[in-house]
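The values are calculated or read from the model by the stated rules, or taken from the named source; none is laboratory data. Owing to the predicted nature of the structure, the values given are computational and were not obtained by experimental measurement. Cβ atoms come from the backbone with ideal geometry, glycine included; neighbour counts cover every protein chain shown.
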Amino acid sequence: MLGAIGGDIIGSVYEANPVKTKDFELFCPASRFTDDTVLTIAVADALLTGNEYDRIFRDYYRKFPDQGYGYGFSRWAASASATAYNSYGNGSAMRVSPIGWAFNSLAEVITEARRSALVSHNHNEGIKGAQAVAAAIFMARSGQAKSDIKGYLTHTFHYNLERSLDEIRPEYSFDITCQGSVPEAIIAFLDSNNYEDAVRNAISLGGDSDTMACIAGAIAEAFYKEINAEILSGIYARLPDTLANVTTRFVDRFCHY
């Protein structure tokens, strides 16, 4: 979960100013949390308290407005009665990481990831994106090899994970769909050497930088079981107390390396 938040904050400044290199500053004065962090922590809060996802997403949207939410999600969250809007945007995948930590079997993770997506992102690709990321996190934290994670995601979700970052990077551009960003973010993890390297890989593709780094960082934290002190400090320095408190409660309860 902290891996997702770190990726979001680090990637936040590169969404509007994409880079095609891994050589960039991790944190700068403009680095901030976005809707990726808000909704990731909302999922964590739902798992801690038992509140329904639709209710808690709307609650967090009201508490933390203007954090870069997509147009469709904003319309949905601003209405107390709106139903899911058949989205296949990557919002379902970027917020799902706590689910990969909070359950004890892959089957439970897959089921809960679907539940978390359905309230807004009920298109099949939106559901797939959430399930794939949550499954990768569960398998990574369970000690499974990258080859096993890659094989499962390829077989189950039919993502093309055979491409290298060098093959993807030259022609890749901003894409907020699950099908156009989740596989690339997973590859950024698969081709990494540590947590920071996974985040740098994702941002270096020059796409939806905060969300792709959020996804790659979430899987990388679960796999490498370490985030360096500089990044942890940078995360907590940029979170308001209300978000930091929920994060700490969730990490203390579920994220045991």
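Counting the residues of segment 36-59 that are touching an Asp or Glu at 6+ places or on another chain (Cβ under 8 Å) and not in a helix (DSSP H, G or I) gives 1. From the set of residues in segment 1-37 that are aliphatic (A, V, I, L, M) and buried (at least 22 other Cβ atoms within 10 Å of the Cβ), which is modelled with the lowest pLDDT? Applying the filter and picking the extreme gives 1. Going by the conditions given, is residue 53 closer than 16 Å to residue 126 by Cβ and surrounded by fewer than 22 Cβ atoms within 10 Å (Cβ to Cβ)? Yes, satisfied. If you go through segment 73-108 and pick out every residue that is crowded, with 17+ Cβ neighbours inside 10 Å and among the small types (Gly, Ala, Ser), you end up with 9.
Conditions (1) farther than 26 Å from residue 122 by Cβ; (2) in a helix (DSSP H, G or I), marked per residue:
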| residue | (1), (2) |
| --- | --- |
| 175 | no, no |
| 180 | no, yes |
| 186 | no, yes |
| 199 | yes, yes |
| 207 | no, no |
| 214 | no, yes |
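So residue 255 fits all but one of (1) in contact with a Phe, Trp or Tyr (Cβ under 7 Å, 6 or more places away or on another chain); (2) at pLDDT 95 or above; (3) more than 29 Å from residue 166 (Cβ to Cβ); what number is the exception? Looking at each condition in turn, residue 255 falls short on (2). Contact map, segment 141-152: residues that are closer than 18 Å to residue 103 by Cα paired with residues that are in a helix (DSSP H, G or I) and charged (D, E, K, R), Cβ distance under 9 Å, separation 6+ or inter-chain. Pairs shown: 141/221. Just to be sure before I move on: is residue 62 surrounded by fewer than 16 Cβ atoms within 10 Å (Cβ to Cβ) and either among the aromatic types (Phe, Trp, Tyr) or in a helix (DSSP H, G or I) (or both) in the structure I sent? Against the criterion (surrounded by fewer than 16 Cβ atoms within 10 Å (Cβ to Cβ) and either among the aromatic types (Phe, Trp, Tyr) or in a helix (DSSP H, G or I) (or both)), residue 62 qualifies.
For segment 151-179, the candidate set comprises residues that are within 30 Å of residue 256 (Cα to Cα) and touching a helix residue (DSSP H, G or I) at 6+ places or on another chain (Cβ under 6 Å); within that set, the residue that is surrounded by the most Cβ atoms within 10 Å (Cβ to Cβ) is 178.
Each residue in segment 121-137 was checked for being in contact (Cβ under 8 Å) with a residue 60 or more places away in the chain and over 17 Å from residue 41 (Cα atoms), and 1 of them qualify. In segment 97-120, the residues that are closer than 12 Å to residue 43 by Cα reach residues that are surrounded by fewer than 19 Cβ atoms within 10 Å (Cβ to Cβ) and at pLDDT below 95 with C-beta atoms within less than 9 angstrom, at least six apart or across chains, in these pairs: 101/256. Working only within segment 224-244, note down all residues that are of a type outside the set (Phe, Trp, Tyr) and part of a helix (DSSP H, G or I). Of everything in segment 224-244, those that are of a type outside the set (Phe, Trp, Tyr) and part of a helix (DSSP H, G or I) turn out to be 229, 230, 231, 232, 233, 234, 235, 237, 241, 242, 243, 244.
Check 24, 33 and return the single one that is part of a loop (DSSP other than H, G, I, E, B), of a type in the set (A, V, I, L, M, F, W, C) and under 15 Å from the mean Cα position of the chain (by Cα). 33 is the lone residue from the list that is part of a loop (DSSP other than H, G, I, E, B), of a type in the set (A, V, I, L, M, F, W, C) and under 15 Å from the mean Cα position of the chain (by Cα). Candidates are the residues of segment 115-149 that are in a loop (DSSP other than H, G, I, E, B) and on the phi < 0 side of the Ramachandran plot; the one that is surrounded by the most Cβ atoms within 10 Å (Cβ to Cβ) is 121. Which one is nearest to the chain's Cα centre (by Cα), of the residues in segment 1-21 that are touching a residue at least 60 places away in the same chain (Cβ under 8 Å) and outside any helix (DSSP H, G or I)? For segment 1-21, the residue satisfying everything is 1.
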